[in-house]
Structure formats: structure tokens, C-alpha cells
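The values are calculated or read from the model by the stated rules, or taken from the named source; none is laboratory data. None of the values given here were measured: they were computed from a predicted structure. All Cβ positions, even for glycine, are placed from backbone atoms using ideal geometry, and neighbour counts span all protein chains on display. Heads up: the accessible areas ignore ligands, DNA and RNA and are worked out on the full protein's heavy atoms, side chains in. Shrake-Rupley method; radii C 1.70, N 1.55, O 1.52, S 1.80 Å.
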Amino acid sequence: MEARAFWTVAPGRGEIRAQPLPAVGPEDVRVRTLWTGISRGSESLVFSGHVPESQCEAMRAPFQEGVFPAPVKYGYCAVGIVEEGPPALKGRPVFCLHPHQTRFVTPAAAVAPLPDGLPSERAVLAANMETAINGLWDLGPRLGDRIAVVGAGVVGCLVAYLASRIPGTAVTLVDIDPGKAKVAEALEIAFATPGAAPADQDQIVHASGAPEGLSTALSLAGFEATVLEMSWFGDRPVPAPLGEAFHSRRLTLRASQVGAVATAQRARWDHARRMALALGLLRDDRLDALIDGESDFDDLPETMARLAAGRSGALCHRIRYPA
């Protein structure tokens, strides 16, 4: 059996290629893809050829083929139906950290069944939700904290959404685009542009993907506050304003990355348990506000070029697969 897959064949250029499928072994499943999601930050950097050489191994997706910068098959937000595999999974909708491909064969242990009540088209947000969960574990917010999240992309919105449900917290989603206020309203979260954002915050998360956003995050921090950096800049240099009040306020600047389970949870949580939590937390119709575009699989080369150039939306773009 043969499938079709999206490959980045050179920085800024993609194409659909034929993809031979291996036989399905006794511990494998074959999945027919229904939807994939495009992770705007990392996939745009991969498509544009901005993965630094030092991070090529760390940035590998679980089922990536090829190497950076190209040709490479990259992605990790796939939802589909199990066509062949163990009886307990056959016919079930599942999520997998797999690149954009019409069908794929993978170990059964690598797919996560969707919980009841989660539409398959929303499940493309699972990898982003997993990232948001890990970020909050790294941050460790407490009851009653004042929390600002700078950057209203998918990950920033999900971090703010989760943090706002901790009793007593006052969460503000901060973005340079006033139009993001509508998304914040749908998620029942306060919104502000950088100039109007509240200062003296206890915890700040930066997820804008822009160096200027980090400056905003640091400016909002109160005494001995923590600023969690969740953006990934690839090979771009990032100036950080560590002068002025950075030292007198005794700020902590900390990194978060989803590849490893956060230290605070690592003793009892593995990737599978974390993914099951992410899928369960997506059973909220309000999260559909984070999907701002949809296109066909066959249009992926043009779609990726448009998204990487910043010419279309800033939230989750969903890819629809042929029946």
C-alpha cells in the first residue's frame, strides 16, 4: 500500500511525495488520517530552514524522516482512524505525533485513543495542549497568583486557559493584535495590549515567538517573579533586556520545552499519561476558537509557504484529508 506525504524539499519549498507503507506487524497499527494541524512556531522555522545545527537532534519529531534543513518530513499533530491493528484499537479515532501523511503505520503504543466527547477535528490541538500543560508544570503557579501570558498564539492561549482555571488566579492574555481580544473573550480570559497590560505580575509566560515579547514579559514582572520562556526562536538571536530592574527585582528567567516531562512531575508522569491528560482537557467547545483556518491536504505546499510568510492567521490551521 502506498500513501502520500508532505515533505519540505528545500527551505521555503514543499511538495507532496508518494510514501510506501510497510507491512503492519503484530504490535503496529495502520491509521487513515482525517486531520493534521500545523504547529505555527516550530513548523514554520523548519519549513523556512531556521533550525540551528546544534539543535538538529533535539528538534527531531518522533516520526520524522530526513534531516534538517531538507529534505525532511516533519510534523506532530495527526488524527485518524485505525484501519488495521489490535482489536481494541481497530476502528477507533486516535491521535499520533506523526507528520502530514494520508496513511501511516506506527507502533500501537504510539497512538492515543480519543476520549469520548472529543471531536476528531479539535484533537489536532493535542500537541499544543501537551506543551501548555508542561509549561504550567514548569512554572508552578499557585492559588491567587497574578499571571500574564504574553503572546496569544495557540500555546499562549492554552496556557492562559488552563491557568485561569486555578482558583483565585487573575490571568491576562497579552498580545500586540487587538483582534485577539475576541479569542480571549471566547476563552473567558482578560485581554490587554502590551501598553495596557497590568504590571507587578507574580508569574509571566512568554509565548509570542518574537524577541519584543520577551521584553514585554520582563517588564511586567514583579519582585522575585518568574518569567517562563516558551517561545523557540530557532537560529535567530534574541536580545534580552537584563539591565534596568532585572537584578534589583531578583527575577527568574526559565526555559520550558515539551520534549521532557517537567521536573516537578517526571517521577510519576510519562509522555503517554501526559498526552491522555491533554486529550481529556480538550473536551471544551470553547477551544474551537483556537482554530482559525482549514485547507486540503493537496494544498499543503502552498499553505505552508503562506503560513511561514505570516500571511494567514496566527492560531491553529487544520488540514483536511481526502476520504
Can you name the residue in the range 285-316 that is modelled with pLDDT of 95 or more and open to solvent by less than 20 Å² (accessible area, probe 1.4 Å) and is also farthest from Gly153 (Cα to Cα) among such residues?
Phe297
Tell me, which strands (runs of 3 or more DSSP E) lie completely within the range 92-205 with 2 or more residues that are within 19 Å of Thr216 (Cβ to Cβ)?
146-150, 170-174, 190-192
Among residues of the range 95-105 being touching a Pro at 6+ places or on another chain (Cβ under 9 Å) and surrounded by fewer than 24 Cβ atoms within 10 Å (Cβ to Cβ), the residue nearest to Leu34 (Cα to Cα) is Thr102
State all residues of the range 189-210 that are closer than 22 Å to Asn134 by Cα and surrounded by fewer than 22 Cβ atoms within 10 Å (Cβ to Cβ); if no residue qualifies, say none.
Ile189, Asp202, Ala210
Does Ile189 fit the bill of being closer than 22 Å to Ala126 by Cβ, among the aliphatic types (A, V, I, L, M) and touching an Asp or Glu at 6+ places or on another chain (Cβ under 8 Å)?
no
Mind checking which residues of the range 18-42 are open to solvent by 30 Å² or more (accessible area, probe 1.4 Å), in contact with a Gly (Cβ under 7 Å, 6 or more places away or on another chain) and either β-branched (Val, Ile, Thr) or assigned to a strand (DSSP E or B) (or both)?
Val24, Asp28, Arg30, Arg32, Leu34
Since Glu15 meets every condition but one in (1) without any contact (Cβ under 8 Å) to a residue 60 or more places away in the chain; (2) part of a strand (DSSP E or B); (3) loosely packed, with under 14 Cβ neighbours inside 10 Å, which condition does it not meet?
(1)
What number goes with the only condition from (1) small (Gly, Ala, Ser); (2) without any contact (Cβ under 8 Å) to a residue 40 or more places away in the chain; (3) in a helix (DSSP H, G or I) that Ala289 does not pass?
(2)
As an exercise: evaluate Arg250 against (1) in contact with a Phe, Trp or Tyr (Cβ under 7 Å, 6 or more places away or on another chain); (2) open to solvent by 50 Å² or more (accessible area, probe 1.4 Å); (3) under 26 Å from Arg122 (Cα atoms) and give the number of the one condition it does not meet.
(3)
I'd like the full set of residues that are open to solvent by 10 Å² or more (accessible area, probe 1.4 Å) and touching a strand residue (DSSP E or B) at 6+ places or on another chain (Cβ under 9 Å), limited to the range 120-149.
Ser120, Glu121, Asn128, Leu136, Asp138, Leu139, Gly140, Pro141, Arg142, Gly144, Asp145, Arg146
Go through the range 63-91 residue by residue and tally those that are assigned to a loop (DSSP other than H, G, I, E, B) and either more than 26 Å from Arg273 (Cβ to Cβ) or open to solvent by less than 10 Å² (accessible area, probe 1.4 Å) (or both).
7
Taking the range 267-277 as the search range and keeping residues that are out of contact with any helix residue (DSSP H, G or I) (no Cβ under 9 Å at 6 or more places or on another chain) and in a loop (DSSP other than H, G, I, E, B), which one is farthest from Leu125 (Cα to Cα)?
Ala267
Out of all the residues in the range 49-62, is one or more open to solvent by 40 Å² or more (accessible area, probe 1.4 Å), closer than 15 Å to His98 by Cα and not in a strand (DSSP E or B)?
yes
Just the residues that are out of contact with any Ser or Thr (no Cβ under 7 Å at 6 or more places or on another chain), among the hydroxyl-bearing types (Ser, Thr, Tyr) and outside any helix (DSSP H, G or I), please, taken from the range 206-256.
Ser248, Ser256
